[in-house]
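Working notes, structure below.
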Amino acid sequence: LAEAATLRNTFLGARKKAFALIEAGDREAARKAVVEDLDVVSGQRVAVIEKLIDRYGVQAEQRAGALKSSLAEAQSALLILATILLLLCAITAWRVTRAIAGPIRATTLLAEQIAAGDLQETHLQAGRSELGRLIGALGGVRRQVSDIVAAQEKLTREHSEGHGNARIDAAHYPGCFG
C-alpha cells in the first residue's frame, strides 16, 4: 500500500508538471513529459495494482479455507447432534411403546379370559392412565360376573335341595345385573 501511495504521488507530480508546461505554452515538452513520465508511472501503477490483486487473492483464498474448515466443523457438530437426537427419539419411542404395549397385552388377555369364561381373579395393576382404568374396569366386570355366577350356582343348589322360593338379592348387583 505504501508503494501504491508513492506511485500515486509521483503520478500526481508528473501530471502537475505536464499541466504547468501546457500553461507555460510548451505543448511539445508537456506531450513528452506525459509520454515519458506518465507512461512509466502508469506502468508501475499497473504492476503495483496487480501485486495488490495477488495479495488480496491470497488473503481471500486463506479466508475461504478458514471458512471451509469452520463449515466442516459445523457440519460435524450438526451430524453429531442429529445422531444424538435420533437416538433420544428412538429411546423415547421404545419406552413409550413398552409403556403402552404391556398394559394393552394385559387388558387383551383379561378380556379374552373373561370371554372364555375364566373368571378366576388375576391381579393386574390398574394405574391412573386410561389403560389402567380400563384394566380396573375389566377387573370389576370379572368380579361382578363371577359374583353373579356364584349366586346362580348357589340358587341352583338351593332349588335342587327343595328350597323353591330361594331368590338372588338384586340389591347386591347394581345396574342391569340386579
Looking at region 141-160, can you tell me whether even one residue there is within 22 Å of ASP118 (Cβ to Cβ), among the acidic types (Asp, Glu) and without any contact (Cβ under 8 Å) to a residue 24 or more places away in the chain?
yes
Tally up the residues in region 1-40 that are surrounded by fewer than 13 Cβ atoms within 10 Å (Cβ to Cβ), not small (Gly, Ala, Ser) and not in a helix (DSSP H, G or I), please.
1
Counted residues, region 123-140 - those being surrounded by 14 or more Cβ atoms within 10 Å (Cβ to Cβ) and either under 30 Å from ALA171 (Cβ atoms) or without any contact (Cβ under 8 Å) to a residue 24 or more places away in the chain (or both):
8
Got at least one residue in region 67-80 being in contact (Cβ under 8 Å) with a residue 12 or more places away in the chain and either surrounded by 10 or more Cβ atoms within 10 Å (Cβ to Cβ) or touching a His at 6+ places or on another chain (Cβ under 9 Å) (or both)?
no
Would you check which residues across region 81-122 are among the acidic types (Asp, Glu) and surrounded by 10 or more Cβ atoms within 10 Å (Cβ to Cβ) and list them?
GLU112, ASP118
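Any read-out appearing in this document is the output of simple, stated calculations on the displayed coordinates, not a laboratory observation. Being a predicted model, the structure only gives us computed values, none of them experimental. Backbone-built Cβ (ideal geometry, glycine too); neighbour counts: all protein chains shown.
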